[in-house]
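Structure first, commentary second.
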Amino acid sequence: MKEDGEILVVSCYELGRPPSGAALPFSWLKRAGFFPAVADLAVDAPSDHEIARAKLIVIATPMHTALRLGSSFAERVRRINPTTKILFHGLYAWLNRAHLFSRDCQRADYVIGGEAEEAVVAIAEALNVGEDPTALPGVSSQIRRESPILKRLSHPLIDTRQLPALESYARLKRDGREIFAGVVESTRGCKHVCRHCPITPVYNGRFYGIEDAVVFSSVKRQVEEGAGHITFSDPDFLNGPTRALKLLQYLHRQYPILTFDFTAKIEHLIRYKEMLPHFGRAGTLFIVSAAESLNERVLTLLDKGHCAGQIREAIRLCRTAGIAVRPTWVPFTPWTDLTDYMELVSFIEKEQLAYSIEPVQMAIRLLVPPGSALVNLPQMKTHLKGITPDGLSHIWEHSDPAVDALQKQVTEIVSKAASLREDEALTFARIKEATEGALHGTPASDVKPFEKPGLRAPGLTESWFCCAEPTEAQLAGV
Ligand code: SF4
């Protein structure tokens, strides 16, 4: 187990960003005296030879797309190397652990949820001395189901020397230029418990900081590699707003031309509105915020902690602070009707957000993985129709078939638009026309693009979304 490549650490997909989910376990294993190999399926899958020599394969699955890819990769591993042990960690592995261990699937030997890295090392050490790791705390297996590990870890400095170079990953698009972009995490978990969020069943309202020294050294290394922009990939950077601002201000003093983006909930953008201009002055270019819906009932059922009026307010506050906002949405839920969808499309037009929202978002259906807190919601239960054939999410149907039909139509529109690299203002106009057709049965006419916003909001070149299904090309690549 201590020879080169006897442990293989694998990232599946992290929204086109350099893979934190593999970099941290890799660094922990190195600190413990192992010599793991590391691979990112989003860039280049490991060879059959690399799989054949591994005795332990550690697969990171922080999101649905990653789990779909990781599950396919594990199937390939089982064919090439049936005796290797496969360890899954990450939010979606933990939510889907019953399926990963099931007789039909048999992809996983071990699954860890929550703060996983210390347990990853413990498994490697047990296997190294010929012991069975299934009794270790936090390690779920065929014979035992453990809770997620919820404790603060002391992380090593992150070592990414064997990972693909920054040029392999998504870049910042800004003013017609593309700039190398890096990524860093300063916290994991979240202090909120939104009902549809995969973090809720795993972290249940807790979050854990990663030491400043680890954050700073990670940014320094990526700047030295050429990064001109850094994404803070914390689930919500403003869970600890004072520390977040201090981190950014320190980094801004060190690297005055470096820019940043982060994710924060609408409620936080309003509560900490006085801090927004400071974030802007420290180099924050844009903020991603999960607005989800304009329908108050949907927002209540998802336990989002904001109302539709606050979405408008948060956008205004960010813009006033000189920060672009990129709202994200769950446009199709069991409780969203055609009128709601039209209201969202009109909102995007009126607020001039066509260049701030990836069109693929307009086709997103609410994802309900097996361990989701939504499953116990009575208003959800009536819509559930079993499990998808891959076993990784619940099937649900809308009570109005026209809504499900519109979702399919929008999926076709955005897929075609992406392949043609169509201007988003035209794609949103096509979506509006399809929605009008669904609502009023009006025939297709000449589509006039939405009024083009003066400036394209800065964003990353990867337009995919964490709960989207992988493309055929992504699946073929594993
Ligand atoms: S605030 Fe964001 S990260 Fe936190 S639980 Fe809600 S959706 Fe998840």
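Please treat every number below as a calculation from the coordinates, not as lab data. Quick caveat: nothing in here was measured; it's all calculated off a predicted structure. Glycine also receives a Cβ, built like all others from the backbone with ideal geometry; neighbour counts cover every protein chain displayed.
For segment 115-226, count all C-alpha to C-alpha pairs, find those more than 25 Å apart, and express that count as a whole percent of the total.
45 percent
Mind putting together the pair-distance distribution for segment 40-156? All Cα pairs, 10 Å bins, whole percent per bin, short to long.
The calculated distribution, bin by bin, is 14, 47, 35, 4.
What net charge do the residues around Gln106 carry, taking every other residue with its C-beta under 15 Å from that of Gln106, with Lys and Arg at +1 and Asp and Glu at -1?
Net charge around Gln106: +3.
Compare the Cα positions of Thr231, Thr263, Met275 along the charge dipole of segment 167-307 (+1 at Cβ of Lys, Arg; -1 at Cβ of Asp, Glu; about the Cα centre) and return the one farthest towards the positive end.
Farthest towards the positive pole: Met275.
Determine the distance separating the Cα centre of segment 277-329 from the Cα centre of segment 2-60; give it in Å without decimals.
Their Cα centres are 36 Å away from one another.
What net charge is computed for the residues neighbouring Ile364, neighbours being all others with C-beta under 12 Å from the C-beta of Ile364, Lys and Arg scored +1, Asp and Glu -1?
Neighbour charge sum, excluding Ile364 itself: -2.
With +1 on the Cβ of every Lys and Arg and -1 on the Cβ of every Asp and Glu, and nothing else charged, how large is the dipole of segment 171-329 about its Cα centre, in debye rounded to the nearest 20?
Using Cβ point charges on Lys, Arg, Asp and Glu, segment 171-329 gives about 240 debye.
Based only on the alpha carbon positions, what is the Kirkwood hydrodynamic radius of segment 1-65, in angstrom?
Taking the inverse mean of 1/r over all distinct Cα pairs, segment 1-65 comes out at 11.8 Å.
For segment 339-405 and segment 64-104, what is the centre-to-centre distance using only Cα atoms, to the nearest Å?
26 Å
How big is D for the chain, in µm² s⁻¹ as a whole number, if Stokes-Einstein is applied with the Kirkwood radius of its Cα pairs at 37 °C and 0.692 mPa s?
For the chosen part, D equals 142 µm²/s.
Helix by helix, which DSSP H runs in the chain go 27 Å or more along their axis at the Cα atoms and have an average Kyte-Doolittle hydropathy of 0.0 or more?
Helices meeting the span and hydropathy rule in the chain are 401-420.
What translational diffusion coefficient, in µm²/s and rounded to a whole number, does the Stokes-Einstein relation yield for segment 215-301 at 25 °C and a viscosity of 0.890 mPa s, taking the hydrodynamic radius as the Kirkwood radius over Cα pairs?
So the translational diffusion coefficient is about 177 µm²/s.
Just to be sure I understand: of the beta bridges DSSP finds with both ends in the chain, what percent are antiparallel, rounded to 5?
Beta bridges within the chain, antiparallel portion: roughly 25 percent.
Local charge sum around Phe180 (other residues, Cβ-Cβ under 10 Å, Lys/Arg +1, Asp/Glu -1)?
It works out to a net charge of -2.
Rounded to the nearest 500, what is the 222 nm mean residue ellipticity of the chain from helices alone, with -39500 (n - 2.57) per DSSP H run of 4+ residues and division by all residues?
That comes out to -11000 deg cm²/dmol.
May I ask which residue of Ser393, Leu338, Tyr355 lies farthest towards the positive end of the charge dipole of segment 334-461, with charges of +1 (Lys, Arg) and -1 (Asp, Glu) on Cβ and the Cα centre as origin?
Highest projection toward the positive end goes to Ser393.
How do Glu178, Glu343 line up, fewest other C-beta atoms within 10 Å first?
Ascending Cβ contact count within 10 Å gives the list Glu178, Glu343.
Any idea what % of Cα-Cα pairs in segment 171-329 are farther than 20 Å?
Tail of the P(r) past 20 Å holds 50 percent of the pairs.
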